[in-house]
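This report refers to the structure that appears directly beneath it.
The values are calculated or read from the model by the stated rules, or taken from the named source; none is laboratory data. Computed from a predicted structure; not experimentally measured. Neighbour counts run over all protein chains shown; Cβ positions are idealised from the backbone, glycine included.
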Amino acid sequence: MKPVQRHRAGKRTGTTATATGPGQIRINRFLSMSGITSRRKAEDLVLQGKVEINHIVVRDLATRVDPARDRVFVSGTQALPVKGFLYLVLNKPKDSITTLSDERGRTTVMSMVRSRERVYPVGRLDRNTTGVLILTNDGSFAHRLMHPKFNVPKSYRVSCDKALSRGDLTLLRGGIVLPDGRTAPADVELIPQGRGKEIGITIHEGRNRQVRRMFETLGYDVVKLERVAYGPVTKAGLARGGTRSLTRSEIRSLKEMAGYTEEELLSGR
């Protein structure tokens, strides 16, 4: 078996050996183990020419790498296998943004996370939305949670500028037509003692600013928006800006919601 080529010249397109060797694993599995993305999405990255092994672009899905010898890059950034997967929840405060860094110097959620392993937010909450934000270095897990076909529920508490009419309550439950298509049916209830201005809503999608846009389309200004739960995970006991590890029960429940098989659950993948 020929080893993966190594050179110091500029970027080239080539192939690597596909025969099985000691310690070698398929490229899509390696990228999943690195927390980059799911195995299926990793295949797309390979086909798009975004993956390099020792500075050689690879497009063969059967490519194998040796984690101990080969250097793998995705869009120019080196992918390194993580030693252990982390699953965290942050009680996101207002005026923080869901990015890894910000060139304008604004507060990011990553400044509140203390972890030796680098973790990434699962999806986004806009700057003024508070509450439950999950972070992980398990790329496959994050991808599945965000995939629309699994319908993982996300619950919010919405404060509006005026009372929600019964007609609009019915419309929200049935789905709202937005520029990017009709939303899926949502679970919507008026919160007691909220004078009609406090609404609880659970959606099963993850479109950009979806909850705000649903209410704004009906003529309401969202004064305050808080995600109170992501599947079984809540912010109970967490101060604003605080984090904690997910429990084994929470992780398993989320994975079940995200379509993990029993075999995958038992193997920890």
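For the reader, a short list of remarks on this structure follows.
- Residue that is nearest to the chain's Cα centre (by Cα), among those in region 189-199 that are crowded, with 16+ Cβ neighbours inside 10 Å and not acidic (Asp, Glu): 199
- Test result for residue 31, touching a residue at least 40 places away in the same chain (Cβ under 8 Å) and surrounded by 21 or more Cβ atoms within 10 Å (Cβ to Cβ): yes
- Looking across region 218-269 at every residue that is assigned to a helix (DSSP H, G or I), touching a residue at least 12 places away in the same chain (Cβ under 8 Å) and in contact with a helix residue (DSSP H, G or I) (Cβ under 9 Å, 6 or more places away or on another chain), the one that is surrounded by the most Cβ atoms within 10 Å (Cβ to Cβ) is identified as 254.
- Any hit, region 127-145, residues being more than 17 Å from the chain's Cα centre (by Cα), more than 15 Å from residue 203 (Cα to Cα) and either free of Cβ contacts under 8 Å to residues at least 24 places away in the same chain or outside the structural domain of residue 238 (by TED's automatic domain parsing) (or both): no
- The residues of region 80-112 that are in a loop (DSSP other than H, G, I, E, B), closer than 18 Å to residue 227 by Cβ and not hydroxyl-bearing (Ser, Thr, Tyr), listed by number, are 93, 94, 95.
- Filter pass, residue 222 being aliphatic (A, V, I, L, M) and over 23 Å from the mean Cα position of the chain (by Cα): yes
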